[in-house]
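The values are calculated or read from the model by the stated rules, or taken from the named source; none is laboratory data. Just so you know, these numbers come straight off a predicted model, no measurement behind them. Please note: Cβ atoms are built from the backbone with ideal geometry, for glycine as well, and neighbour counts cover all protein chains shown. We work out accessible area using only protein heavy atoms, side chains counted, and drop any ligands, DNA or RNA first. Shrake-Rupley method; radii C 1.70, N 1.55, O 1.52, S 1.80 Å.
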Protein chains: 2
Amino acid sequence: MEKKKNISMAVIKRLPKYHRYLQELMKNDVDRISSKELGEKIGFTASQIRQDLNCFGDFGQQGYGYNVKDLYKQISLILGLNKDYKTVIVGAGNIGQAIANYSRFAELGLFLQGIFDANPKLTGLRMMGTEIQDIDNMEPFLQVNDIDIAMICVPRINAQKVCDTLVAGGVKGIWNFAPVDLVVPEDVTVENVHLSESLLTLIYLLHKS
Amino acid sequence: MEKKKNISMAVIKRLPKYHRYLQELMKNDVDRISSKELGEKIGFTASQIRQDLNCFGDFGQQGYGYNVKDLYKQISLILGLNKDYKTVIVGAGNIGQAIANYSRFAELGLFLQGIFDANPKLTGLRMMGTEIQDIDNMEPFLQVNDIDIAMICVPRINAQKVCDTLVAGGVKGIWNFAPVDLVVPEDVTVENVHLSESLLTLIYLLHKS
């Protein structure tokens, strides 16, 4: 399916946006759309959209545009949404709870297999039907469960240690909410959600304007 | 303080990271650091660090490096952290609760003035000492309170309407957690935390590797 092997992170970061807009178009029963119209919706130029999508294949048709449903399906495939991913959440605080309650998980093929926390007051409780286990159970749990993605929602000072245990347990994808840049081997992917940094950016832009 | 007026978003997005690393260095009683050492910590080149910081002023000293405390203070000033900002949270669901419980708010000069939600089951309850009010109270509330920053944590379909009310009420900064690109006037700043897009990026990178 892929035409080029070295696709820039900038293009990759735009793919989920295409996915979201195409899903919305489908909901609104739009069958086809030109790169110009799609660009106007997303706020990209038509040429950028054509360039981006050309990285992955030939989707559009001159004079017709894109078939919305086909393009949505193709982008879903490119994103890897045709597979299932087993996940764990580490840290059952506010962010961990918000993530556990995230309604799109199943739609995206994510299946929550375990939740771990160091706080004995939380262990034994259930979040979305999954029991919160003591963090010490995580290592043996990972030995018998193939986990693809872990969400790290623990305080900063514990994040690297948790990450090391996850990596040793075979986890290859980390969605990290702790305000720290994790050190991982090359074959492990980390995607950060650094809320503080986002907020500081907003404050800066507000302050300057 | 600023040397150049047109600072790229890429540089701006790196400022919070400098702020975080410098804060950590201060906690570890590090008094001074070279751009090379700072670069190794953050994962940038020394030259990038010098270039970035030169956008805002002359901070380093040849042969000495940066005074950590001074640079931290300067970057705090650049980021606008010397001011106070009044905030509201709209949407008291999981994300709204996580945000309300965010411990660094006061440290960053953010003061929560109100929480609003459309769910009558939530109104009257308290989050971090602040009563959750009915969303219909927001418009009059904004008329008598000067709010700087609003956190939008409502479902996608309600986000633009909420945003319009906030903007009409004089709010100039929006921290948006709804998976939608908000339309705002030029003098309003939006910073998005699009969790789905972050997760889809992770799935893509995992799927490809």
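Of everything in region A:191-209 that's open to solvent by 40 Å² or more (accessible area, probe 1.4 Å) and more than 7 Å from chain B (Cβ to nearest Cβ), which residue is farthest from B:Leu199 (Cα to Cα)?
So the residue we want is A:Lys208.
Give the residues of region A:23-65 that are over 26 Å from B:Lys208 (Cα atoms), in a helix (DSSP H, G or I) and in contact with a Gly (Cβ under 6 Å, 6 or more places away or on another chain), sorted by residue number.
If the condition is that a residue be over 26 Å from B:Lys208 (Cα atoms), in a helix (DSSP H, G or I) and in contact with a Gly (Cβ under 6 Å, 6 or more places away or on another chain), then A:Ala46 is the only one that fits.
Among the numbered criteria (1) in contact with a Leu (Cβ under 7 Å, 6 or more places away or on another chain); (2) open to solvent by 40 Å² or more (accessible area, probe 1.4 Å), which single criterion is violated by A:Asn82?
(1)
Any idea which residue in region A:85-97 is surrounded by the fewest Cβ atoms within 10 Å (Cβ to Cβ), counting only those that are touching a strand residue (DSSP E or B) at 6+ places or on another chain (Cβ under 9 Å) and more than 21 Å from A:Gly169 (Cβ to Cβ)? First the steps, then the outcome.
At the first step, the residues of region A:85-97 found to be touching a strand residue (DSSP E or B) at 6+ places or on another chain (Cβ under 9 Å) are A:85-93, A:95-97.
Narrowing further to those that are more than 21 Å from A:Gly169 (Cβ to Cβ): A:93, A:95, A:97.
Values: A:Gly93: 16, A:Ile95: 25, A:Gln97: 22.
So the residue we want is A:Gly93.
Is it the case that region B:141-149 has a residue that's open to solvent by less than 40 Å² (accessible area, probe 1.4 Å) and facing chain A (nearest Cβ under 9 Å)? It would help to see each step written out before you state the result.
Here is the first cut: in region B:141-149, the ones open to solvent by less than 40 Å² (accessible area, probe 1.4 Å) are B:141-142, B:147, B:149.
When the remaining residues are screened for being facing chain A (nearest Cβ under 9 Å), the result is B:149.
Taking every residue of region B:141-149 in turn, at least one turns out to be open to solvent by less than 40 Å² (accessible area, probe 1.4 Å) and facing chain A (nearest Cβ under 9 Å).
So which residues in region B:126-143 are more than 30 Å from B:Leu77 (Cβ to Cβ) and touching a residue at least 12 places away in the same chain (Cβ under 8 Å), if there are any at all? Can you show your working first?
Step one: of region B:126-143, the residues more than 30 Å from B:Leu77 (Cβ to Cβ) are B:126-127, B:131-141, B:143.
Answer for region B:126-143, where residues must be more than 30 Å from B:Leu77 (Cβ to Cβ) and touching a residue at least 12 places away in the same chain (Cβ under 8 Å): B:Met127, B:Glu131, B:Ile132, B:Gln133, B:Asp134, B:Ile135, B:Asn137, B:Met138, B:Glu139, B:Phe141, B:Gln143.
Considering only residues that are of a type outside the set (Lys, Arg) and surrounded by 14 or more Cβ atoms within 10 Å (Cβ to Cβ), which ones fall in region A:58-74?
We begin by selecting, within region A:58-74, every residue of a type outside the set (Lys, Arg); these are A:58-68, A:70-72, A:74.
The answer is A:Phe59, A:Gly60, A:Gly65, A:Tyr66, A:Asn67, A:Val68, A:Leu71, A:Tyr72, A:Gln74.
Filter the helices (runs of 4 or more DSSP H) completely within region B:85-198 down to those with at least 3 residues that are closer than 29 Å to A:Leu81 by Cβ. I'd like the intermediate steps shown before the answer.
Numbers: elements: B:94-100, B:138-144, B:156-168.
Ranges flagged: B:94-100, B:156-168.
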